[in-house]
Amino acid sequence: MTADATFAPAAADRWHEAEHVLRFGRPLPGGAVELRWRGAALMGVVNVTPDSFSDGGAFEHPRDAVAAGLRLVEQGALVVDVGGESTRPGAAPVDDDEEMGRVLSVVAGLVAEGVVVSVDTRKPRVAEAALAEGAALVNDVAGLRDARMVEVCANAGAPAVVMHMLGDPRTMQADPRYDDVVADVTGYLLAAAERALAAGVPSVVLDVGLGFGKTVEHNLALLNATGALAAHGHPVLVGASRKSFLGRVAGVERPADRLGATLAAHLHAARLGAALLRVHDVEPHRQALAVAAALEGRA
């Protein structure tokens, strides 16, 4: 593995040929200290919650969640993102102990199978415990607002996904407003990334937080700005999977019926330079990305 963590924005080349790198401060399963890939890779979602907006209550036992994560890897996921607290609009918070009870055995089970695991949490105690079980990175929907989360990631040598959220899940969709949504969100993410890297976090991924305190128009503007955000030099994660703004645009009420809308949004983001796509449906995304890359390669 090389030590160079330079990120090449897809805008400088064909999107499927652009190289992306994520550095770690400790070895991954197999001994590598970085992930390096081309094009848009897939982060598969495993929610071990009773109330997530799309797949809450899907797993009755941790072994079912582990099996689901392994299926996502078989289908082509580079990373499996395990979450134990719903952050849908209006969701109530879960205490640390309950969240850890939901996620830790799932994290440990996936890591034992050699899976690169991300823990989806905004709580430093939960992140620290999951990292101790072998999780490789932290997906913080609170955007590293808590200095303790930065410290946890730095101490563990774990990269962080820094996501923008306006307010918190209980309040974020109550009339969200920005002076300039792209400039405001970009400024927040870059400042948070700079603080994290200065504190010793080995690398960061930026996520504009689609649906987290944004209107339909905000979300569409941020999707269209994916290339501009990627040009700042950090891998960009886009997570539009099954979200309500896609339902509003496409006229689809049930989250599980929004695969077509999700694929359209994610292919658009990939062409603009997204490095990671956080998805519930890995296999259809793998197929769509493969065909899109093949078509562009022949253009």
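Coordinate-derived values only; no laboratory data. Nothing here was measured: the structure is a model prediction, and the numbers come from that model. Reconstructed Cβ throughout: ideal geometry from the backbone, glycine too, with neighbour counts over all protein chains shown.
Among DSSP beta bridges lying fully in the chain, give the percent that are antiparallel, nearest 5. Working shown, then result.
On the way: 5 of 32 bridges.
Given both bridge residues lie in the chain, the antiparallel proportion sits at roughly 15 percent.
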ARG278's amide H: which non-local residues (gap 5+, or another chain) put their own amide H closer than 5 Å, with H modeled 1.01 Å from N in plane and none for Pro or chain starts? MET43, VAL238, GLY239, ALA240
GluC sites (Glu not before Pro), loop per DSSP, at most 15 other Cβ atoms within 10 Å - longest free stretch of the chain: 114-252
Where N is the number of residues in segment 152-299, Cα Rg divided by 2.2 N^0.38 Å: 1.08
Over all alpha-carbon pairs of segment 130-220, lay out the pair-distance distribution in 5 Å bins, whole %, shortest bin first. 3, 15, 25, 21, 15, 11, 7, 2, 0
Would you work out the charge dipole size for the chain about its Cα centre, treating the Cβ of every Lys and Arg as +1 and the Cβ of every Asp and Glu as -1, and quote it to the nearest 20 debye? 540 debye
Distribution of pairwise C-alpha distances over segment 74-164, 10 Å bins, in %: 18, 53, 26, 2
Semi-axes of the chain from the Cα gyration tensor (sqrt of 5 times each eigenvalue, largest first, whole Å) come to 24, 23, 21
If the only charges are +1 at each Lys and Arg Cβ and -1 at each Asp and Glu Cβ, what is the size of the charge dipole of segment 158-286 around the Cα centre, to the nearest 20 debye? 280 debye
Could you give the radius of gyration (one decimal) and Dmax (whole number) of the Cα atoms in segment 121-173, in Å? 11.1, 34
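Sort the following peptides by mean Cβ neighbour count (other Cβ atoms within 10 Å, averaged over residues), highest first: 218-224, 179-185.
On the way: 218-224: 19.4, 179-185: 15.6.
The most tightly packed comes first, giving 218-224, 179-185.
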Membrane-span-like helices (DSSP H runs, Cα span along own axis at least 15 Å, mean Kyte-Doolittle at least -0.5) in the chain -> 62-75, 96-112, 181-198, 259-272, 282-297
If each DSSP helix of 4+ residues adds -39,500 (n - 2.57) and the sum is divided by the residues in the chain, what number results at 222 nm, nearest 500 deg cm²/dmol? -12500 deg cm²/dmol
Please compute the contact order of the chain in relative form: average sequence separation of alpha-carbon pairs under 8 Å and at least six residues apart, divided by the residue count, as a percent. 20 percent
